[in-house]
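Here the structure comes first, spelled out in structure tokens, and everything after it is commentary.
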Amino acid sequence: MRKVERINIIMRYVNNRAHFTISEIMREFNISRSTAIRDIREIESLGVPLVAEVGRDGGYFVMNNSVLPTVRFTDNEIKALFIAFMATRNQQLPYLKSRQSLAEKLLGLISKNQQDDLVLLNQILLFEGTNPNNPDLLDLSDLPHPMLEKLIQILLSDSYLSVALQEEKEIVSYPIYLLHLYREKSLWLVEGFDLDEKKRRTFSVDNLVTVEPYPIKKRLSKKKILELMKQEEAVNLVLELGPKAIAQFRKYHPLKVSISYTNPYQTTAILRTFINVHKSEELNEITNWLLFLGGDIKIREMPEEVLEGMRERFSLFCP
């Protein structure tokens, strides 16, 4: 018997009894004690109001002998859920095992005809970034970096972190206040404010070695962090982008650079960002990228160093 089928049957079993014990569940379904306990905990997590009784004759009973109302899905809702799963498979997303168990439970709730429709959709639909050679939605084929789920779990309770990163041949530690955790170009990235150097820092989750809460006594206040970030975020590059430049931007853009569309058709946009002209590597990168955007841009504001770098590039082609 598949796990999802067993869980559904046990739910009906306990709901029809005023009282039951783990031993009864073990005998009735021919499962081990540890499996019975895990199943009961999973049933509780689904919303069944179980109350435990301690003592020699202890066990469980269902509060008011009723479960939460049955969740029913329309055909379109079922398709929407599974298409969302299909579109994000092979994406190294966190909680992959939970996604698999959720898919199994949903499959156990729907009719045979609905299951057949989903099998057909799984064969027909192919999304960008997914692996056509691994079409099984329930296959645990693309586990994320093991630190990702741990990082998310810590972030739910605390944004002040002490992280250790593998940088070339050494491990370096940073105290950060986490701003964003996001995925870009197939990488999970962390953007945080470095509490020591008082600046933003971006790094890949793949480089994480350890992550733990940062000591409370050493923390800056959130108000102070916001003040420092405002000082750092002085915009010195402002561009208007036309449709051709927007198309180039979508093909490639440096990390942390974003645009704001200025019409509903997304054919014009504004780019605002800060360029550290004292970092030659960053200056060269942004200069090359601006040339990559092409001529469909209008300059509102630009550091003289960037403008000079673009003139030098042009002189190579137009002596």
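The values are calculated or read from the model by the stated rules, or taken from the named source; none is laboratory data. A quick note: this is a predicted structure, and the numbers were derived from the prediction, not measured. All Cβ positions, glycine included, derive from the backbone under ideal geometry; neighbour counts span all protein chains shown.
Worth pointing out:
- Some residue of the range 107-114 being in contact (Cβ under 8 Å) with a residue 24 or more places away in the chain, closer than 21 Å to residue 183 by Cα and not in a helix (DSSP H, G or I): no
- Sole exception among (1) in contact (Cβ under 8 Å) with a residue 24 or more places away in the chain; (2) crowded, with 16+ Cβ neighbours inside 10 Å for residue 301, by number: (2)
- For the range 50-66, a tally of residues being more than 12 Å from residue 22 (Cα to Cα) and at pLDDT 75 or above returns 2.
- Sole residue being out of contact with any Phe, Trp or Tyr (no Cβ under 9 Å at 6 or more places or on another chain) and touching a residue at least 24 places away in the same chain (Cβ under 8 Å), chosen from 284, 276: 284
- Looking only at residues in the range 190-232 that are hydrophobic (A, V, I, L, M, F, W, C) and over 14 Å from residue 148 (Cα atoms), the one that is surrounded by the fewest Cβ atoms within 10 Å (Cβ to Cβ) is 216.
- Residue check: residue 290 meets all listed conditions (1) outside the structural domain of residue 176 (by TED's automatic domain parsing); (2) in contact with a strand residue (DSSP E or B) (Cβ under 6 Å, 6 or more places away or on another chain) but one, namely (2).
- The residues in the range 176-197 that are free of Cβ contacts under 8 Å to residues at least 60 places away in the same chain and on the phi > 0 side of the Ramachandran plot can be counted, and the count is 1.
- Taken over the range 67-81, residues that are at pLDDT 60 or above and surrounded by 14 or more Cβ atoms within 10 Å (Cβ to Cβ) amount to 4.
- Within the range 235-249, the set of residues being of a type outside the set (A, V, I, L, M, F, W, C) and closer than 17 Å to residue 295 by Cβ comprises 240, 242, 243, 244, 248.
- Yes/no for residue 31 being modelled with pLDDT of 85 or more, of a type in the set (A, V, I, L, M, F, W, C) and not in a loop (DSSP other than H, G, I, E, B): no
- Selected residue (only one of 142, 158 is assigned to a loop (DSSP other than H, G, I, E, B) and out of contact with any helix residue (DSSP H, G or I) (no Cβ under 9 Å at 6 or more places or on another chain)): 158
- Here is the figure for the range 233-269: residues that are surrounded by fewer than 14 Cβ atoms within 10 Å (Cβ to Cβ) and closer than 30 Å to residue 177 by Cα total 11.
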